[in-house]
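What follows is a single structure, written as structure tokens, with notes after it.
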Amino acid sequence: MRPMKFWLIAMTLAAVVSDTMLLPFYPQFFERVFGITDPNYVGAYIAACCAVVMLAFPFWARVARRIPVLQLLVYTQLAAGLFSVLCWAAPSATAFWLLSLTMLVFKGSYLLVYPLLMSQEALDGHGRTIGLLSVVVHFGAIFGALLGGSVLQFFEPRQVYLLMTFGDLFQILVCLYLLRQKTSQAPRASDEAEDAAHPLAWPVILRLGSVMFLFYFAIYLTRPFFARYWEALSGNSSEVLAGAIFALPGAVAVLVLWLDYRRGHSGDAKGVLLPAMALCALGLMLQASGSMVLVLAGRLLYGWGLFRATVGLDQLLYVLSRPASYAADFSKISVFQNLGVLVSSFATGALVAFAGPRPTFLAGALGLALTLVLYLVLVRPLFSSSRNASFLSALSRSET
């Protein structure tokens, strides 16, 4: 692995660990720190976090056209670290909202690492790199959930935000190291001109974005309250154990990537998405069974399908886009992804308040089934023949 690629992936891992430490534990966090137990409140907070990232990232993508990404990240992650410390000291729930959402404005800029990394890869290597990044995200979720659960179980919950500052500091140090090694370059004028002239056209963005929206809506329905669901089901209140069960899909993703590397399999997005989404839906339905054994089996199947589906969907974007436009196109697609998470956060809070956490799994399975239909109707036909491929190529390169 090239040195810059290694360090960019390490940055991604550090960012994901920081972002996921509280993801399965927000209900417990708000209850212990601020005495708030309303599921709708938790859902509204998670939705607000998604909205902030959704709005901030396109802004950072525009700024990155004029400021080299690594140089920009030094300042944004420094600001994120400072606001993490302020979140630890927040005196009230209102202050915590304002400080943590401001923190996310700066923290969300690390997503620029993703298109930066992909722009350095040849097209035939995209599948392997996306798969590797997906596993890094899952690994981050594993460590984040275990670390967050440990803090909530053994320490004062707000100390999670002090740990987050170490992730921000690590990213700053990596950026400074890479800048010193002169492995990054400022965007060239020709690249900026190409970005302006050849982004993906909005008809293509809307097709892909619609599928991304529904997919992320479905898979995020079960996440905020999964730890509570497992604790109630198992009768064990250990946050560490709940975090470990929550992270099982990440362990499966690591296994799938290892098997792919052994077989030299790079993955075909069009061929893998149908069985992958079906496996995700089946895994969610098993988790709704109320049986601990079936929940564990469902987590394993869900992890396998989720890895394949996430990699396949991401590959579609980079098949259509151009390296000079990766950041701009990825920022547009990320709006749909975060909008799906935002709507999902409101929906899961309301659903849990009304009927408990179990129906979120059935709703997620239904959402994935609808995602599969939407993919078959909107996206797959564009790749089904040389005529459609020619049409798609012309459409995707047209000026918006």
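Identify, please: which residue in the stretch 117-127 is at pLDDT below 70, assigned to a helix (DSSP H, G or I) and in contact with a helix residue (DSSP H, G or I) (Cβ under 8 Å, 6 or more places away or on another chain) and is, among those, farthest from residue 254 (Cα to Cα)? It would help to see each step written out before you state the result.
So in the stretch 117-127, the residues at pLDDT below 70 come out as 121-127.
With assigned to a helix (DSSP H, G or I) added as a condition, the list becomes 123-127.
Narrowing the set further to residues that are in contact with a helix residue (DSSP H, G or I) (Cβ under 8 Å, 6 or more places away or on another chain) leaves 123, 126-127.
Working: 123: 23, 126: 18, 127: 15 Å.
Selected residue: 123.
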Residue among 96, 57 that alone is of a type outside the set (Ser, Thr, Tyr), under 30 Å from residue 356 (Cβ atoms) and either modelled with pLDDT of 90 or more or within 17 Å of the chain's Cα centre (by Cα) (or both)
96
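Let's see how each residue does on (1) of a type in the set (Asp, Glu); (2) under 20 Å from the mean Cα position of the chain (by Cα); (3) modelled with pLDDT under 85; (4) closer than 27 Å to residue 221 by Cα:
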{"site": "33", "(1), (2), (3), (4)": "no, no, no, yes"}
{"site": "40", "(1), (2), (3), (4)": "no, no, yes, yes"}
{"site": "45", "(1), (2), (3), (4)": "no, yes, no, yes"}
{"site": "48", "(1), (2), (3), (4)": "no, yes, no, yes"}
{"site": "65", "(1), (2), (3), (4)": "no, no, yes, no"}
{"site": "68", "(1), (2), (3), (4)": "no, no, no, no"}
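Going by the conditions given, is residue 52 crowded, with 16+ Cβ neighbours inside 10 Å and modelled with pLDDT of 85 or more?
The answer is yes for residue 52.
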Could you count how many residues in the stretch 228-241 are in a helix (DSSP H, G or I) and at pLDDT below 80?
2
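Any idea which of 343, 311, 352 is among the β-branched types (Val, Ile, Thr), touching a helix residue (DSSP H, G or I) at 6+ places or on another chain (Cβ under 9 Å), assigned to a helix (DSSP H, G or I) and surrounded by fewer than 22 Cβ atoms within 10 Å (Cβ to Cβ)?
Selected residue: 343, the only one of 343, 311, 352 that is among the β-branched types (Val, Ile, Thr), touching a helix residue (DSSP H, G or I) at 6+ places or on another chain (Cβ under 9 Å), assigned to a helix (DSSP H, G or I) and surrounded by fewer than 22 Cβ atoms within 10 Å (Cβ to Cβ).
Residue by residue, here is whether (1) assigned to a helix (DSSP H, G or I); (2) of a type outside the set (S, T, N, Q); (3) within 11 Å of residue 168 (Cβ to Cβ) holds:
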| residue | (1), (2), (3) |
| --- | --- |
| 71 | yes, no, no |
| 74 | yes, yes, yes |
| 80 | yes, yes, yes |
| 104 | yes, yes, no |
Just to be sure I understand, how many residues within the stretch 1-33 are exposed (fewer than 15 other Cβ atoms within 10 Å of the Cβ) and aromatic (Phe, Trp, Tyr)?
1
Enumeration of residues in the stretch 170-201 that are out of contact with any Leu (no Cβ under 9 Å at 6 or more places or on another chain) and at pLDDT 70 or above
170, 173, 177, 180, 181
Exception for residue 224 within (1) part of a helix (DSSP H, G or I); (2) touching a helix residue (DSSP H, G or I) at 6+ places or on another chain (Cβ under 9 Å) falls at (1)
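The values are calculated or read from the model by the stated rules, or taken from the named source; none is laboratory data. Since the structure is predicted, the reported quantities are computational estimates derived from the model, not experimental observations. Quick reminder, even Gly has a Cβ in these numbers, built from the backbone with ideal geometry, and neighbours come from all protein chains shown.
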